[in-house]
Structures are given as structure tokens and as C-alpha cells.
């Protein structure tokens, strides 16, 4: 077997977004223009900006699009990351340096990246309970005089629900608590769907993470971290071995291709293009809930394009569906399998899925 055949053989083992059978991922097929831009900039490295000044300009423009989307104030700063995990770790790292924080309030339904973050940073995670999302009253009850850092989620992984960020942010502003909002998934959905203040319009929001490689339909990896002020300085280090004197990022080498691709997709689609994508995804979401209602299958009412379907054995059901070719998410603790209605998921795929789902849940 020659090299290219070996590569093709390996790729054939992968699930393809185009098949419509990947239902549990919050990623999707990148927009074609993003793929073209990525290949054009594939050798660029944002970790050495002096060598790739044009690519750095594109990162700045992509960050600017995100800043406008999330209503960042003048004086903000931002950076591209590899995704929500890096963004969340970096945000807590900055909080620790600025506030000398040694603990953080985190919603029960927060992404597992916060477990990584608190382990790496030696911070104590204090978990705020919540059924589908975190309520402000529960966050406030958990806060003490020692609380200097908190996390809220805009579109959690299991249910797609949004924490009570407005009230939480007001409290954090009054109590001088650094609040990081993880909008890795919801950041490219909520602004085009609801008039909900969850971003920098709230004075208590200090930082935000958002992923363009999710509903932003950019190539992987394409994440962003935005900060209310230029707090990147707090983690800046001297980079003696590069042409660029300082770095303020978790990664050293950073793929410039992601910046070029994200900028290209954002520029091409614009806000109206993203609004159309979100509307299509929500239409498919409604189609799924309609089919579930007709089949008498219970689910948690969706607020974004995420549907948590209630089942008796989440792991068992997901394994049966996998044998039928469907890849769904599952949350054993909450007794649900999760379907994310990403842009690659069409109504015809959902109709096929529900037919198979009925076979394994009854």
C-alpha cells in the first residue's frame, strides 16, 4: 500500500460530517472559503508575528468581528486560541494573576475544560448546583468574601441552556469578582436568536470565550478569548528564541491559518449570513422536537440548537445507536442522550435518526 492509499484508508475510518450521522458534536463542516484560506496560510505561525505580519493583521480583524458581536468596550483585547479549552484555561490563569485568586465558582454543567484549568492552576473549584443551568441565587449563596473568580456558561454542553448571566454579572460587578463567560458554543447562536444580554454589555463580565469552529463554521482549531481590558499583560513572557519579543498566550506556536480562515468566513458571511445559518439550525431543531412529540419520546425543551433526549440508559442507548451508525452525545448522570443540530444536520437525516431511535428506546 503506497502512502496516499494508506492515508485514504485511514480517512475512511473516520465519520464524516457530510454523512449527517454525527449528531453529538458541536463542530461541523467548515465553510468552503475557510478551507481555501486555511490552505493558503498553512505555513504561518502567529507565535512569531514579526515573520507573519499580514497574518497577524487578519487575526486582529477576526478578533474585531468577535468584539463587535459580543459588544466589547473600547480598551478591550483579544487573541485567537485553539478553542474553548485553551480560552477557559487562559481566562482563569489571568484571573489568578490579577486577583491572586485560589478558588473559583463553577457551574455544575460547566465544560470539563474547567477541571483541567483548576488542576493546572492549582485553584479550588467550588461547584454551583443547577438542574439545567446555573441560577443567580445559587451563585450568590456560594460566594464568600474570598470569592474573586467565577464562571458562567452561555450554552452548556448537555442542554444548551444559558446561565442567569445578567444577574450574576451584576453581582460580580458589585462584589469585584472576575467573571468569565464561556460562550464557546452559544456565542455564535445567541446574538442571532435572542435579545439576551450575556456579553460585555454587562459591566460585570470580565472575559469571554467563543469558538468559531463550532457555529462559526470555521476550520478547526479556531477559538477566541476576549478580555474587557488589556489583561494579557499579566501573563506576558519574554520569548527570546523568536523574532517577536513577547508572547501572551498559552500556546507558543499558533496556527495562522486559523486566523486567515476565520477572517475569511466572517467577512464572507457577515452577521446576516450567520443569522441565516442559526435560523436553519433552529428549524431543524423544531423538526426534531416535532418528530419526538409524535413518537411520544420525552426531551428537555431546547433553547438553542441542542436537544437532550430523556432515556433510561444513556450509555446503552448511545451504544445501540452507534451500531446503527449514529454518533450522539450522552450524559449518564442526567439520563439523556444529546443531539446537536449543527449546519451539517439536515431534516432528512433527523427523520432517519428518529426512526432508528424509536427502535432502541421502546
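The values are calculated or read from the model by the stated rules, or taken from the named source; none is laboratory data. Quick caveat: nothing in here was measured; it's all calculated off a predicted structure. Because the Cβ atoms are built from the backbone with ideal geometry, glycine has one as well, and the counts that use them run over all protein chains shown.
A compact table of results
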quantity: Members of the range 306-333 that are in contact (Cβ under 8 Å) with a residue 24 or more places away in the chain, in contact with a strand residue (DSSP E or B) (Cβ under 7 Å, 6 or more places away or on another chain) and either under 17 Å from residue 109 (Cα atoms) or surrounded by fewer than 19 Cβ atoms within 10 Å (Cβ to Cβ) (or both); calculated: 306, 307, 308, 309, 310, 327, 329, 330, 331
quantity: Residue that is farthest from residue 205 (Cα to Cα) [pool: residues in the range 145-170 that are modelled with pLDDT of 95 or more and out of contact with any strand residue (DSSP E or B) (no Cβ under 9 Å at 6 or more places or on another chain)]; calculated: 167
quantity: Among (1) under 25 Å from residue 308 (Cβ atoms); (2) more than 20 Å from the chain's Cα centre (by Cα); (3) without any contact (Cβ under 8 Å) to a residue 12 or more places away in the chain, the one test that residue 195 misses; calculated: (2)
quantity: Criterion violated by residue 71 - all others in (1) in contact (Cβ under 8 Å) with a residue 40 or more places away in the chain; (2) surrounded by fewer than 18 Cβ atoms within 10 Å (Cβ to Cβ); (3) more than 30 Å from residue 339 (Cβ to Cβ); (4) more than 19 Å from the chain's Cα centre (by Cα) satisfied; calculated: (4)
quantity: Those residues of the range 126-157 which are part of a loop (DSSP other than H, G, I, E, B) and touching a helix residue (DSSP H, G or I) at 6+ places or on another chain (Cβ under 8 Å), in sequence order; calculated: 129, 130, 134, 143, 147, 148, 155
quantity: Criterion: within 30 Å of residue 309 (Cβ to Cβ), at pLDDT 95 or above and surrounded by 15 or more Cβ atoms within 10 Å (Cβ to Cβ) - qualifying residue of 266, 215; calculated: 215
quantity: Search result, residues across the range 31-57 that are over 21 Å from residue 245 (Cβ atoms), in contact with a helix residue (DSSP H, G or I) (Cβ under 9 Å, 6 or more places away or on another chain) and in a helix (DSSP H, G or I); calculated: 33, 34, 35, 36, 37, 38, 39, 40
quantity: Residue satisfying all of: in the range 221-258; assigned to a loop (DSSP other than H, G, I, E, B) and under 12 Å from the mean Cα position of the chain (by Cα); surrounded by the most Cβ atoms within 10 Å (Cβ to Cβ) among these; calculated: 222
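Quick grid of which residues meet (1) at negative phi; (2) surrounded by fewer than 20 Cβ atoms within 10 Å (Cβ to Cβ); (3) not in a loop (DSSP other than H, G, I, E, B):
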position: 159; (1), (2), (3): yes, no, no
position: 169; (1), (2), (3): yes, no, yes
position: 173; (1), (2), (3): yes, yes, yes
position: 187; (1), (2), (3): yes, no, yes
